[in-house]
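See structure below.
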Amino acid sequence: MHKVTISSTGEEFSLPHNAHLSDAAELQLAGLIFGCRAGACGICAIEVVAGGGNLSVPEDSETDFLSFLGYEQRPVRLACQCKLQGDVTIRQL
Ligand code: FES
């Protein structure tokens, strides 16, 4: 199990290794918003405050879309495209 912390509220959740963040009902109840769940709308963009290396490596399509959205200089991921591989602290944008 790995810990996901929501930086704005301090809420913490334990999720299994390789859990998709978009499948975690706990995170949705904590306020994370999802739309397409396919990496195409950007509504699930999160800032990775800590532990960015503990999320699955982004596909080129995710990196390209985040760049299109103007996030290339920030530690931002699409939560619907991330699998949890360690503890992270995140903040929804
Ligand atoms: S929910 Fe649309 S990009 Fe993640």
Just the accessible area for T89, please: 1.4 Å probe, Å², rounded to the nearest 10? 30 Å²
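For the chain, with every protein chain kept in place, what is the accessible area per residue (1.4 Å probe, Å²)? Could the numbers behind the result be given before it?
Details: 4970 Å² over 93 residues.
With all protein chains present, the chain gives 53 Å² per residue.
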Convex hull (Cα only) mean projected area of the stretch 2-92, reported in nm² to one decimal: 5.0 nm²
Heavy atoms only, probe 1.4 Å: what % of the accessible area of the chain goes to carbon and sulfur, would you let me know? 50 percent
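How much of the DSSP beta bridge set in the chain is antiparallel, as a percent to the nearest 5? Display every interim value, and only then the final one.
Details: 13 of 16 bridges.
Looking only at bridges with both residues in the chain, the antiparallel portion is about 80 percent.
The values are calculated or read from the model by the stated rules, or taken from the named source; none is laboratory data. Bear in mind that the values here come from a model prediction, so they are computed numbers and not experimental data. With ligands, DNA and RNA removed, areas are computed over all heavy atoms of the protein, side chains included. Shrake-Rupley method; radii C 1.70, N 1.55, O 1.52, S 1.80 Å.
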